[in-house]
Amino acid sequence: MNIPTGSPAGHQRADEQSQGGLRAHAPDRLRIGAAVAGYGRTATTMPLLTAARYRQVLAAEFSSLTPENQTKWEWLQPAPGEFDFAAADAIVDFAAEHGQHVRGHTLLWHNQNPGWITGGDHSPEELRRLLRTHIQTVVGRYAGRIQHWDVVNEILDDDGRLRTEQNPWLGALGPEIIADAFTWAHDADPDALLFGNDFDVERHGAKSDAWYALLRDLRSQGVPVHGFGVQGHLDMSAPFPEDLPQNLKRFADLGLRTAITELDVRGPVTGEGGLSEEHLDQQADWYARITRIALDVPGCESLTPWGVLDEQSWVPGWFPGTGGALLLHGDYQPKPAYHAVREALAAGGQRPTA
Ligand code: XIL
């Protein structure tokens, strides 16, 4: 490539990367994201702050970032009324510096609430006040800098019922708290796009049907909800979600945006801890198909793998015996899936959806 003479070395490098990364191959309407890894519960343990290569890859490849953990309740408000924004700030600042959007994740969820919430003895009124204050504080702080929020996450069971037993917010406050959460987030940042998000909703079925009905009802009541996020934690031992395009499209027909928010494609790991050649090829095919679907379905605005490097993925810890679910090996070498996504983006959704 031609590098203009006189441009500082740092800019030359950034130019080269942005011309080659996934983000450079995607059309403007589709952001390519990544979850930003965070371990422990402090900013200092984040590879974003400790690994130069990680920063370089994150900047070059992706146009959207989702904090993997750092905007969850337990990180943001570890003690009552004591907010710790260090880790989230680092991600948001990085994103602003590199022209990336941020998907905030998440405000109302059954997991990763701090112990003082789950083990506390709060009245429903207190819980409601705590949730409202949290949403107002966090969404307000990042107004204009976090463009999307997963306001409610995983609030439905497989059969489509509300997860009231596991979810401390829904359990104490009932289904009405869903509309309140969206309204509080909207009041705190009227420009933020507000999503519901869940897993196992790629296909038509009881759970995605219940989400469809819920979001349709919320919209008809005038609740500020703007999108539906399909996580996309896929397992190659199960069938590919063939009807994903039709499923996404029905949400678009409600006037909602859609996003694939947490894509990973796991398979059985070999003795060396990676995937077999065969599974690497199958994985590449699945990633390419998902990418083409994201390109082809109107209103699908982002595609986010749930991490960057296989060795940092949540998958082996949560689904023992499986792994290798992301686009890059632990040494930053691209996998066949990386090349497949890149080719699918470069083809620009010209090919018919598989
Ligand atoms: C996971 C993170 O990847 C892990 O680091 C953490 O220990 C648990 O949560 N659905 C979600 C994400 O909405 O927040 C989860 O992230 C993965 C499943």
Within the stretch 72-82, is even one residue closer than 19 Å to G21 by Cα and under 18 Å from the mean Cα position of the chain (by Cα)? no
Residue selected from the stretch 71-93 under the condition assigned to a loop (DSSP other than H, G, I, E, B) and within 15 Å of R145 (Cα to Cα), by the criterion nearest to the ligand (Cβ to nearest atom): T71
Residue that is farthest from the chain's Cα centre (by Cα), among those in the stretch 276-319 that are over 23 Å from V36 (Cα atoms) and part of a loop (DSSP other than H, G, I, E, B): S276
Quickly run through the stretch 294-323 and pick out the residues that are within 16 Å of the ligand (Cβ to nearest atom), out of contact with any strand residue (DSSP E or B) (no Cβ under 6 Å at 6 or more places or on another chain) and not hydrophobic (A, V, I, L, M, F, W, C). D310, E311, Q312, S313, G317, P320, G323
Of the listed residues (A238, A192, A213, A259), the one being in contact with a helix residue (DSSP H, G or I) (Cβ under 8 Å, 6 or more places away or on another chain) and either modelled with pLDDT under 95 or small (G, A, S) (or both) is A192
Contact list, first residue from the stretch 218-239 and surrounded by fewer than 17 Cβ atoms within 10 Å (Cβ to Cβ), second anywhere and in a helix (DSSP H, G or I), beta-carbon distance below 8 Å, six or more apart or interchain, is Q221/A179
I'd like to know if the stretch 153-166 contains one or more residues that are modelled with pLDDT of 95 or more, assigned to a helix (DSSP H, G or I), in contact with a helix residue (DSSP H, G or I) (Cβ under 9 Å, 6 or more places away or on another chain) and of a type outside the set (F, W, Y). no
Take I135 and tell me if it is touching a residue at least 12 places away in the same chain (Cβ under 8 Å), in a helix (DSSP H, G or I) and touching a strand residue (DSSP E or B) at 6+ places or on another chain (Cβ under 6 Å). yes
Residues in the stretch 270-279: is at least one closer than 26 Å to G227 by Cβ and touching a residue at least 12 places away in the same chain (Cβ under 8 Å)? no
Condition broken by W211, with the remaining ones in (1) within 16 Å of the ligand (Cβ to nearest atom); (2) within 26 Å of G323 (Cβ to Cβ) satisfied: (2)
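The values are calculated or read from the model by the stated rules, or taken from the named source; none is laboratory data. Note that this is a predicted model, so its numbers are computed, not measured. Glycine gets a Cβ as well: all are built from the backbone with ideal geometry, and neighbour counts include every protein chain shown.
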